[in-house]
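Here the structure is laid out as structure tokens; the discussion comes afterwards.
The values are calculated or read from the model by the stated rules, or taken from the named source; none is laboratory data. Just so it is clear, the model here is predicted, and its values are computed rather than measured. FYI the Cβ positions are ideal-geometry reconstructions off the backbone, even for glycines, and counts take in every protein chain you see. With ligands, DNA and RNA removed, areas are computed over all heavy atoms of the protein, side chains included. Shrake-Rupley method; radii C 1.70, N 1.55, O 1.52, S 1.80 Å.
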Amino acid sequence: MIFILTFSSHEQKEKFEYIYENYKRLMLYKASSILHDYMLAEDAVSEAFIRIYKNIDKIEDPVSKKSIAFVMTIVRNTSLTILEKNKKSDFIEEEDTRADSFDLENHILS
């Protein structure tokens, strides 16, 4: 899937590029520490950048500690959302496995 990012100003584009170039590794590290899966961490960072793009006007100075905290909060929350979705899908798969292994005939006979 390809996203074309269109910014309403050159300033927005520069902020986004700065964040991407300077924080992507830190974001990937944070996502990896939560998800313990590199592929899922990359997905989380990609989703986080989409959210950052949508909220780029909330970032005044991309170098500030406030902006770094904002970016890291987005990647943390995105990672936690992915983690929760995976836990739910693992639970559903486990329940399906139990249902498949249930033997009604043996249950009734016992």
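Output ³J(HN,Hα) for the stretch 66-80: one whole-Hz value per residue in order, computed from phi by the Karplus curve 6.51 cos²θ - 1.76 cosθ + 1.60 with θ = phi - 60°, and x for Gly and Pro.
Couplings: 4, 5, 4, 4, 4, 4, 5, 5, 4, 5, 5, 5, 4, 5, 5 Hz.
Kindly write out, for the stretch 28-41 in residue order, the coupling ³J(HN,Hα) from the Karplus curve 6.51 cos²θ - 1.76 cosθ + 1.60 (θ = phi - 60°), rounded to whole Hz, with x marking Gly and Pro.
5, 4, 4, 4, 5, 5, 8, 8, 6, 8, 5, 5, 5, 5
Any chance you could look up the accessible area of M72 with a 1.4 Å probe, heavy atoms only, rounded to 10 Å²?
M72 has an accessible surface of roughly 40 Å² with all protein chains in place.
If a/c stays under 1.5 just call it rounded; otherwise compare a/b with b/c (prolate if a/b is bigger, oblate if not). Do that for the stretch 1-83, with a ≥ b ≥ c from the square roots of the Cα gyration tensor eigenvalues.
Taking the square roots of the gyration eigenvalues as a ≥ b ≥ c, the stretch 1-83 is prolate.
Considering only DSSP states other than H, G, I, E and B, which chymotrypsin sites (Phe, Trp or Tyr not before Pro) in the stretch 1-57 qualify as loop sites with at most 13 other Cβ atoms within 10 Å? Could the numbers behind the result be given before it?
Details: sites: F3, F7, F16, Y18, Y20, Y23, Y29, Y38, F49, Y53; in loops: F3, F7.
Passing both the DSSP loop test and the Cβ count: F3.
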